[in-house]
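The values are calculated or read from the model by the stated rules, or taken from the named source; none is laboratory data. Just so you know, these numbers come straight off a predicted model, no measurement behind them. Methodologically, a virtual Cβ is constructed for each residue, glycine included, from the backbone with ideal geometry; neighbour enumeration extends over all protein chains shown. Accessible surface areas use protein heavy atoms only, side chains included; no ligands, DNA or RNA. Shrake-Rupley method; radii C 1.70, N 1.55, O 1.52, S 1.80 Å.
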Amino acid sequence: MQGLTFDDVTLVTQYADFLPEDTLTKSKFSRNIDLNIPFVSAAMDTVTGSSMAIAMARLGGIGVIHKNMDIALHAEAVKKVKLHSNGLIQEPVSFLETQTVEELLNYKEDKHLPFSGFPIVDAAGRVAGILTAKDLKFCNDRRLKLKDIMTSAILTAKEGTTLEDAYKIMIDKKIGKLPLLCKNGELAGLYSFHDVNALITGTSKLENLDSKYQLRCAAAISPYDFDRAEALINAGVDAIVIDTAHGHSKGVVETVKELKAGMASSVDVVAGNVGTAVGAKALADAGADAIKVGIGPGSICTTRIVCGVGIPQISAIHAASRAVSSDVPIIADGGIKQSGDVPKAIAAGASSVMMGGLLAATEESPGEKIMMQGRRFVVYRGMGSLEAMKSGKGSRERYSQGDVEDSSQLIPQGVEGRVPYRGTAGSVLHQFAGSLKFSLGYCGSKTVPELQSKGILYRVTPSGLREAHPHDIQMVKDAPNYRTV
Ligand code: XMP
């Protein structure tokens with residue numbers, strides 16, 4: 001038996017009759033969910049909350065919101081993502097008609113609001129008009145009341161108006177803002193043409209959107225965690241991820257079957273983690289819409305050391321992907337250190353990569369940001385670390401220790417530490433997606449599926465690996481896409 005991982009292999013160049021810029025990074029997360037970039041943020045409490053999930057979907061990937069919180073909060077986090085940019089501003093900034101222009105301008109400046117076009121309401125909360133940028137431009141007295149300068153003959157629509165209908169009305173009537181009203185005339189939301197147009201005409205092409213133009217979002221559950229699954233589905237989640245350290249197990253198989261047969265017939269069910277062909281096949285046979293692969297490759301994992309168990313990641317991906325049909329995508333979970341690991345995972349058979357540490361290091365992660373000796377760091381911890389297991393049942397359940405109440409009896413399989421701050425998720429994924437396009441070019445593959453089918457991995461020796469890294473030089477500056485820590 002031989003297990004290979006990222007540093008044991010390199011990709012072989014192949015003839016290309018196109019340029020890297022002509023390649024496509026589109027791929028699949030699960031049977032029915034596409035990705036514009038093959039990146040997924042990990043279901044960890046220092047990686048994916050709603051801010052990370054929003055950032056991931058806006059960049060074209062997807063985030064899996066962690067489960068180390070109670071069900072109500074979890075469902076709220078999903079709702080936050082789903083309602084983030086569906087074109088409808090849920091709680092628009094509005095002003096009372098008796099307020100002055102001065103008050104409005106002070107508020108706008110104070111809050112750095114980049115837009116104009118505010119609904120104006122009367123004392124009973126009913127919409128009385130809109131204050132447009134034009135109204136403000138031609139106002140020469142800041143003491144005037146808003147009701148004296150607002151546009152009061154305005155078009156409104158009923159609460160519940162869809163994005164498509166709002167688009168038609170706004171195009172038809174040439175208006176920039178469309179307030180939605182409840183039955184009693186109160187403000188129920190606002191469509192802004194700028195956002196609606198971007199969503200409908202695809203100016204925001206990269207974003208990962210569902211059929212209702214809402215950001216896509218996934219969320220984790222434990223085996224038999226049906227109450228949580230139901231709440232997440234009601235909140236609009238696109239995929240449920242059964243997130244365990246040992247997916248080739250009765251609990252995971254039964255949970256997949258039960259979800260697919262019942263409540264989750266309309267959402268995708270992802271299951272894992274496995275590291276073998278039989279494990280992947282068992283989950284696919286149960287009906288999983290994607291299989292998550294990774295036993296112990298993660299940067300915070302100690303499973304291979306503490307339990308002596310795990311499969312080096314390239315071999316695990318290769319075995320799992322060969323065991324299931326091509327409509328069940330493989331998510332390579334853990335162990336990504338550099339952007340060059342991504343095309344290697346794809347050539348081994350993965351459709352996407354899940355990243356923990358690399359994204360924990362970004363602005364959008366929930367991990368605590370700290371300063372040390374003039375450098376910024378972010379706290380990152382394994383879900384099997386003592387700290388994570390103490391703070392949440394979801395984490396203990398991932399490691400089959402959900403019933404352990406006394407924390408001195410816990411057996412951790414992960415560590416807590418810190419990672420150097422890397423800026424925004426967008427800046428990290430820009431480098432990763434950009435590098436992937438070059439990899440595709442080098443490998444003569446225009447698309448991710450093409451690299452999956454024709455990529456050739458070569459075994460490298462330790463001296464081959466030494467040659468691959470910068471050598472015979474003292475690095476004095478970090479490159480934006482090359483770091484050793
Ligand atoms: P990276 O390498 O991206 O890995 O930081 C993230 C993945 O690691 C898994 N994970 C763990 N594995 N003990 C483990 O053995 C842990 O405490 C732990 N926490 C997370 C998980 O699959 C994640 O996506």
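Some notes on this structure:
- Take every pair of alpha-carbon atoms less than 8 Å apart whose residues are at least six positions apart; their mean separation over the length of segment 1-151 yields a relative contact order of 14 percent.
- In this simple spin-label approximation, residue 126 and residue 458 carry label points 7 Å from Cα along the Cα→Cβ vector, and these lie 7.7 nm apart.
- Computed E for residue 102/residue 155 - FRET, C-beta separation, R0 25 angstrom, nearest 0.05: 0.35
- Rg to Rh, two decimals, where segment 187-318 supplies the alpha carbon set and Rh follows Kirkwood: 1.10
- Cα shape, segment 88-201, gyration tensor, a/c 1.5 rule: prolate
- Tilt relative to the chain, helix 163-173 - C-alpha long axis, 0 to 90 degrees, to 10: 40
- Share, in percent, of DSSP beta bridges within segment 1-129 that are antiparallel, nearest 5: 55
- Inter-probe distance in nm under a simple model that places probes 7 Å from Cα toward Cβ, at residue 406 and residue 174: 7.8
- Sites residue 109 and residue 76 - FRET efficiency at Förster radius 25 Å, r taken between beta-carbons, to 0.05: 0.20
- Calculated FRET value between residue 263 and residue 34, using beta carbons and R₀ = 22 Å, to 0.05: 0.40
- Evaluated with a Cβ-only charge set (Lys, Arg +1; Asp, Glu -1), segment 323-479 carries a dipole of roughly 460 debye about its Cα centre, given to the nearest 20.
- Antiparallel DSSP beta bridges within the chain, percent to nearest 5: 50
- Degrees, to the nearest 10: 50-59 long Cα axis against longest axis of the chain: 90
- Total charge dipole magnitude, segment 332-422, about the Cα centre, Cβ charges on Lys, Arg, Asp, Glu only, Debye to nearest 20: 400
- Percent carbon-and-sulfur accessible area, segment 88-201, ignoring ligands, DNA and RNA, probe 1.4 Å: 50
- Chain lengthening between residue 2 and residue 226 when straightened (0.36 nm per residue, less Cα-Cα): 76.8 nm
- Considering only 241, 288, 323, and ranking their Cα positions along the charge dipole of the chain that arises from unit charges at the beta-carbon of Lys, Arg, Asp and Glu, the one farthest toward the positive end is 323.
- Here the peptides 174-181, 90-97, 453-460 are ranked by packing, the mean other Cβ count within 10 Å, and the order with the highest first is 174-181, 90-97, 453-460.
- Degrees, to the nearest 10: 250-261 long Cα axis against longest axis of the chain: 40
- Most positive-pole-ward Cα, 423, 154, 335, against dipole of the chain from beta carbon charges: 423
- Dividing the convex hull volume of the alpha-carbon atoms in the chain by its residue count gives 192 Å³ per residue.
- The chain, helix-only ellipticity at 222 nm - DSSP H runs n ≥ 4, -39,500 (n - 2.57), divided by all residues, nearest 500: -9500 deg cm²/dmol
- About its Cα centre, segment 88-201 has a charge dipole of approximately 280 debye under the convention of +1 per Lys or Arg Cβ and -1 per Asp or Glu Cβ, with nothing else charged.
- Segment 364-485: proportion of alpha-carbon pairs further apart than 22 angstrom, %: 62
- Only one residue of 401, 47, 74 has its Cα farthest out toward the positive end of the dipole of the chain, where Lys and Arg carry +1 and Asp and Glu -1 on Cβ, and that residue is 47.
- Placing dummy labels 7 Å off each Cα toward the beta-carbon, the span from residue 186 to residue 302 is 5.3 nm.
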